[in-house]
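Visitor: Quick one: this structure, given as structure tokens, is what I'll be asking you about.
The values are calculated or read from the model by the stated rules, or taken from the named source; none is laboratory data. Quick caveat: nothing in here was measured; it's all calculated off a predicted structure. All Cβ positions, even for glycine, are placed from backbone atoms using ideal geometry, and neighbour counts span all protein chains on display.
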Amino acid sequence: MNDLAGKHIVLGLSGGIACYKAAELCRALIKEGATVQVVMTEAAEQFITPVTMQALSGRPVYGSQWDSREPNNMPHINLSREADAILIAPCSADFMAKLLHGRADDLLSLMCLARPIDRVALLLAPAMNREMWAHPATQRNMAQLADDGATILGVGSGYQACGETGDGRMLEPPELLEDIVALFQPKVLAGKQVLVTAGPTFEAIDPVRGITNLSSGKMGFAIARAAREAGATVTLVAGPVSLPTPRGISRIDVKSAQQMHDAVLPLAAVADVFVATAAVADWRPLNATDQKIKKDGSGKTPTLAFAENPDILATVAQSERARAGALFCVGFAAESHDLLANAQAKRVRKGVPLLVGNIGPATFGAEDNVLLLVDAQGTQDLPRASKVSLARQLVAQIARRAGA
Ligand code: C5P
């Protein structure tokens, strides 16, 4: 993908052992299509050399505010005017304190102060020992920096280079990449609550067996990610899948259709948008046994009887809030044939304003897909693209229709 094509990122490094992760972050940004200008403090140069960062970014690294390579000798002005965003990773406790006071005695802090505040976002990826992170001074500085317009990207938790364990690790490069990609997406769902179901369900036959389907959950996870990128608060109710949770999303794991139903209903009561991507089992084995069904050698096979599962989407779409237009419901149809006719019929049967059709067997587990949007006005094709790209297009369509 090229989610950062045409974007110019200034990657600032302040002093901290997490500087070693900045090398990988730099590569990841470039791989995604960005151009990267690295600026380092003197302390950062104790941890990683400008040679490494120059080789990875393909540009000379800046470190001094007196850099005579700039014709006007004003690198703080030139570098900040070129940038689409400034990302400080790692951002040390000391550098935060400096930013907070508007100090400007080295190039990186000077450039942050000189940035056009309305146009160039400043993102901070803190990295420090857990005691430094928890200190009231750091927490106070962070709150004030956020108030002053910086975006604090949060920290990870776990083993720290100092040997202690706790909060304060710098986020991993893929997490930082996801946040910077999100920064540039249009905020068409700002302030909205979005609820997404994803993945298959698992219907138990006995404690060791069950019935499931081939849904991978990738489309639903991509929609959750795209909705969060668009500024929504997102809850993802996921069936049994082994996908990582997209950044900034609250996830509830369930197994059966009944569990998914029970998780979704209270959340749908407060959501603005519900996207039912999950491939929910239509039926569950009646009377699942507590003990494993044993083969007795007689050649007799067990007979399975089924009960119908609740239709989560149809139930939510019939709720008062959905019918009053306060909750916008989107259904999915994973078909094997006759996509258009099946999708149109399903939209009416489920009672939803928008239904998205796709060919299930062709897309289960794949990274890309083709979508057919069906609403009361007609149909629209979203041609083959990555699931994340399709999810962003779908989110834009939802935002238009949901009046966001
Ligand atoms: O009827 P069918 O399973 O083909 O409908 C698919 C759509 O309905 C999907 O949006 C799916 O998430 C939703 N659904 C549901 N609860 C069910 C069955 C399907 O929410 N029990």
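Visitor: Of the residues Leu11, Leu56, Leu4, Leu29, which single one is within 30 Å of Ala222 (Cβ to Cβ) and assigned to a strand (DSSP E or B)? Spell out the reasoning first.
Guide: Working: Leu56 fails: assigned to a strand (DSSP E or B); Leu4 fails: assigned to a strand (DSSP E or B); Leu29 fails: assigned to a strand (DSSP E or B).
From the options Leu11, Leu56, Leu4, Leu29, the qualifying one is Leu11.
Visitor: Checking the structure you have, find out if any residue of the stretch 81-93 is buried (at least 18 other Cβ atoms within 10 Å of the Cβ) and more than 29 Å from His135 (Cα to Cα).
Guide: So in the stretch 81-93, the residues buried (at least 18 other Cβ atoms within 10 Å of the Cβ) come out as 83-93.
This time we only want the ones that are more than 29 Å from His135 (Cα to Cα), so: 83-84.
Yes, the stretch 81-93 contains a residue that is buried (at least 18 other Cβ atoms within 10 Å of the Cβ) and more than 29 Å from His135 (Cα to Cα).
Visitor: Is there a residue in the stretch 214-224 that is outside any helix (DSSP H, G or I) and among the aliphatic types (A, V, I, L, M)?
Guide: The answer is yes; a qualifying residue exists.
Visitor: Can you pull out every residue in the stretch 83-128 that is more than 25 Å from Gly168 (Cβ to Cβ), in contact (Cβ under 8 Å) with a residue 60 or more places away in the chain and part of a loop (DSSP other than H, G, I, E, B)?
Guide: Hits for the stretch 83-128 are Ala83, Asp84.
Visitor: For the stretch 165-201, which residues satisfy the criterion of being among the aliphatic types (A, V, I, L, M) and assigned to a loop (DSSP other than H, G, I, E, B)? Outline the logic, then answer.
Guide: From the stretch 165-201, those among the aliphatic types (A, V, I, L, M) are 170-171, 176-177, 180-183, 188-190, 194-196, 198; that's our starting set.
Hits for the stretch 165-201 are Met170, Leu171, Val188, Leu189, Ala190.
Visitor: Of all residues in the stretch 68-77, how many are under 19 Å from Thr35 (Cβ atoms) and surrounded by fewer than 18 Cβ atoms within 10 Å (Cβ to Cβ)?
Guide: Here is the first cut: in the stretch 68-77, the ones under 19 Å from Thr35 (Cβ atoms) are 69-70, 75-77.
Imposing the further condition that a residue be surrounded by fewer than 18 Cβ atoms within 10 Å (Cβ to Cβ) reduces the set to 69-70, 77.
Adding up the residues that qualify gives 3.
Visitor: Something else: Specify the residue that is farthest from Lys21 (Cα to Cα); the eligible residues are those in the stretch 160-203 that are within 16 Å of the ligand (Cβ to nearest atom) and of a type outside the set (Val, Ile, Thr).
Guide: Let us first name the residues in the stretch 160-203 that are within 16 Å of the ligand (Cβ to nearest atom), namely 194-203.
When the remaining residues are screened for being of a type outside the set (Val, Ile, Thr), the result is 195, 198-200, 202-203.
Values: Leu195: 33, Ala198: 32, Gly199: 32, Pro200: 36, Phe202: 39, Glu203: 43 Å.
Among those that are within 16 Å of the ligand (Cβ to nearest atom) and of a type outside the set (Val, Ile, Thr), it is Glu203.
Visitor: Check every one of the helices (runs of 4 or more DSSP H) wholly within the stretch 256-357 and list those with 1 or more residues that are over 29 Å from the mean Cα position of the chain (by Cα), near the ligand (Cβ under 9 Å from one of its atoms) and under 21 Å from Asp381 (Cα atoms). Full working, then the answer.
Guide: Details: elements: 257-268, 312-317, 320-323, 339-350.
Ranges flagged: 339-350.
Visitor: If you don't mind, another one. So how many residues does the stretch 143-164 have that are part of a strand (DSSP E or B) and either touching a residue at least 60 places away in the same chain (Cβ under 8 Å) or loosely packed, with under 12 Cβ neighbours inside 10 Å (or both)?
Guide: 2
Visitor: Kindly provide the set of residues from the stretch 279-307 that are in contact (Cβ under 8 Å) with a residue 24 or more places away in the chain and surrounded by fewer than 10 Cβ atoms within 10 Å (Cβ to Cβ), ordered by number.
Guide: Asp290, Gln291
Visitor: Scan Pro266, Pro244 and give me the residue that is in the same structural domain as Ala314 (by TED's automatic domain parsing) and within 22 Å of Lys387 (Cα to Cα). Show your work before the answer.
Guide: Working: Pro266 fails: within 22 Å of Lys387 (Cα to Cα).
Just a single option satisfies the conditions, and that option is Pro244.
Visitor: Still on this structure, please answer the following. Evaluate the following for Ala271: is it in contact with a helix residue (DSSP H, G or I) (Cβ under 9 Å, 6 or more places away or on another chain), touching a residue at least 60 places away in the same chain (Cβ under 8 Å) and under 27 Å from Gly351 (Cβ atoms)? Give the steps one after another, and end with the answer.
Guide: Working: in contact with a helix residue (DSSP H, G or I) (Cβ under 9 Å, 6 or more places away or on another chain): yes; touching a residue at least 60 places away in the same chain (Cβ under 8 Å): yes; under 27 Å from Gly351 (Cβ atoms): yes.
Considered against the rule, which asks whether it is in contact with a helix residue (DSSP H, G or I) (Cβ under 9 Å, 6 or more places away or on another chain), touching a residue at least 60 places away in the same chain (Cβ under 8 Å) and under 27 Å from Gly351 (Cβ atoms), Ala271 comes out as yes.
Visitor: Go through (1) at pLDDT below 95; (2) more than 11 Å from the ligand (Cβ to nearest atom); (3) assigned to a strand (DSSP E or B) and name the single condition Arg384 misses.
Guide: (1)
Visitor: A further question follows. Has the stretch 36-45 got any residue that is surrounded by 15 or more Cβ atoms within 10 Å (Cβ to Cβ) and assigned to a helix (DSSP H, G or I)? Don't jump to the end; show me each part of the working.
Guide: Taking the stretch 36-45 and keeping what is surrounded by 15 or more Cβ atoms within 10 Å (Cβ to Cβ), we get 36-41, 43-45.
Subset that is assigned to a helix (DSSP H, G or I): 44-45.
Yes, some residue in the stretch 36-45 is surrounded by 15 or more Cβ atoms within 10 Å (Cβ to Cβ) and assigned to a helix (DSSP H, G or I).
Visitor: Take the stretch 307-324 and flag every residue that is under 19 Å from Leu355 (Cβ atoms) and among the small types (Gly, Ala, Ser).
Guide: Hits for the stretch 307-324 are Ala314, Ala317, Ser319, Ala322.
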